[in-house]
Amino acid sequence: MTFDLIALQLFTGLALGAIYVLLAVGLSLIFGMLTVVNFAHGAFYMLGAYAGFFVAEKTGSFWLAMLLAPIIVAAIGMVCERWLIRPLYGRGIDYPLLLTFGLAYMMVEAVRMIFGRAGLPFDTPEILQGATNLGFADFPTYRLFVIGVVVALLVVLWFFIEKTSLGLIVRAGARDPVIVRVLGVDISKVWLIVFGVGTGIAALAGVLAAPLQGVSPDMGTSVLIVAFVVTVVGGMGSLTGAVVAGLLVGIAESMSVLFFPEAAKVSMFVIMAIVLLFRPQGLFGRAGLMT
């Protein structure tokens, strides 16, 4: 066991955690603003991978796939929010939960009918193939690219939430949507945008993960569990918590592979149990607030 091997595994955990961060950020954004537990989040992640695959096949460009797939899936998400989820607001948290649960099954079956049940390969763009020397070891260039994209997206998202008028409305709406509505803001339009952004971020995660694992109709099922674990550990509705917990879970899973491979998939549940034992609201959770 050498320092170089540990450092290499740490970077692997960061790349894995970056995907988890995107999933949890989208989930937390939707819950923080709409108080909707979106069980279709993994399906939107899967749709993003397939939309990216379709665009890349038709255009031959990974970059267009990375740009257009989140837009396509965000549009689908906005249609779902407007015509399926919105009529259930105010009826309790169970109704949107059950609807999105059923919606996820519908989307998975639709993809199976269109693309088949077998998985499909998604090639890494040529410019991102190979490895980059980090000084202590060679590390896959594409994984470094994933980390960079996630960091850039988080900066843009922070600027949007903290420095724009719409971001101010989003934060205010997460705290007290009634007051925002009284002030004359059409909160329904904000809900629509937030749901679209959340599902678009999940789709981007799917596109970025596709070259690492391929695309398949069931790829969203396992990551949905991870997304909820990360969201619970970070604190429901907390964007800061989603980032910290996503990286924590990714690094823990990666390091477990190195030191105790049998516990790799269990490590995130151990972290969740410890956090909930001492801090039931999550690391950064504050009931009803986006932080």
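Spacing of the modelled spin labels on Ser165 and Glu109, each 7 Å from Cα toward Cβ, amounts to 4.5 nm. Across the protein chains, with a 1.4 Å probe defining accessible surface, the residues Val55, Val232 rank Val232, Val55 from largest area downward.
Relative to the longest principal axis of the Cα atoms of the chain, the long axis of helix 62-80 lies at roughly 30 degrees. When the Cα gyration tensor is reduced to axis lengths a ≥ b ≥ c, the ratio a/c is 1.5 or higher for the stretch 182-291, and with a/b not above b/c it is classed as oblate. Once you order the gyration tensor axes a ≥ b ≥ c over the Cα atoms, which shape class does the stretch 51-209 get: rounded for a/c under 1.5, otherwise prolate or oblate by comparing a/b with b/c? It comes out oblate by the Cα gyration axes. Taking every alpha-carbon pair under 8 Å whose residues sit at least 6 apart, the stretch 125-197 reaches a relative contact order of 14 percent.
Return the FRET efficiency for the residue pair Glu57, Ala264: r is the Cβ-Cβ distance, R0 is 30 Å, and the value is rounded to the nearest 0.05. Mind dumping the intermediate values first?
On the way: r = 33 Å, r/R0 = 1.10.
My answer for the efficiency is 0.35.
Once mean projected area of the Cα convex hull in nm² is calculated for the structure shown, the corresponding label among (i) 26.0; (ii) 14.9; (iii) 15.9 turns out to be (iii).
Highest GNM mean-square fluctuation among Gly116, Gly200, Gly220, for the chain modelled with Cα contacts below 10 Å: Gly116.
Ignoring ligands, DNA and RNA, what percent of the accessible area of the chain is carbon or sulfur (1.4 Å)? Could you put the intermediate results ahead of the total?
Numbers: 9590 of 13590 Å².
Ligands and nucleic acids excluded, carbon and sulfur reach 71 percent.
Among the trypsin sites (Lys or Arg not before Pro) within the stretch 62-136, those in coil by DSSP and having at most 16 neighbouring Cβ atoms inside 10 Å are Arg91, Arg117. Report the one residue of Leu258, Leu183, Phe269 whose Cα lies farthest in the direction of the positive end of the charge dipole of the chain (charges on C-beta: Lys and Arg +1, Asp and Glu -1; origin at the Cα centre). Farthest towards the positive pole: Leu183.
Probe of 1.4 angstrom, ligands and nucleic acids ignored: what's the accessible area per residue over the stretch 1-143, in square angstrom? Please report the intermediate quantities before stating the final value.
On the way: 6910 Å² over 143 residues.
Heavy-atom SASA per residue in the stretch 1-143 reads 48 Å².
The solvent-accessible area of Glu57, taken with every protein chain present and a 1.4 Å probe, is close to 130 Å². Computed over protein heavy atoms with a 1.4 angstrom probe, the accessible surface ordering of Phe54, Phe139, largest first, is Phe54, Phe139.
Compared with the direct C-alpha span, the chain from Ala137 to Asp186 gains 12.4 nm at full extension, assuming 0.36 nm per residue.
Taking 0.36 nm per residue of separation and subtracting the Cα-Cα distance, full extension of the segment from Asp4 to Leu84 would add 23.7 nm. Over all other residues within a Cβ to Cβ distance under 14 Å of Pro177, the charged ones net out to +3, with Lys and Arg as +1 and Asp and Glu as -1.
The values are calculated or read from the model by the stated rules, or taken from the named source; none is laboratory data. Everything quoted here is computed from the prediction, not taken from an experiment. Backbone-built Cβ (ideal geometry, glycine too); neighbour counts: all protein chains shown. For the accessible areas, the whole protein counts, side chains as well, though only heavy atoms, and no ligand, DNA or RNA atoms are used. Shrake-Rupley method; radii C 1.70, N 1.55, O 1.52, S 1.80 Å.
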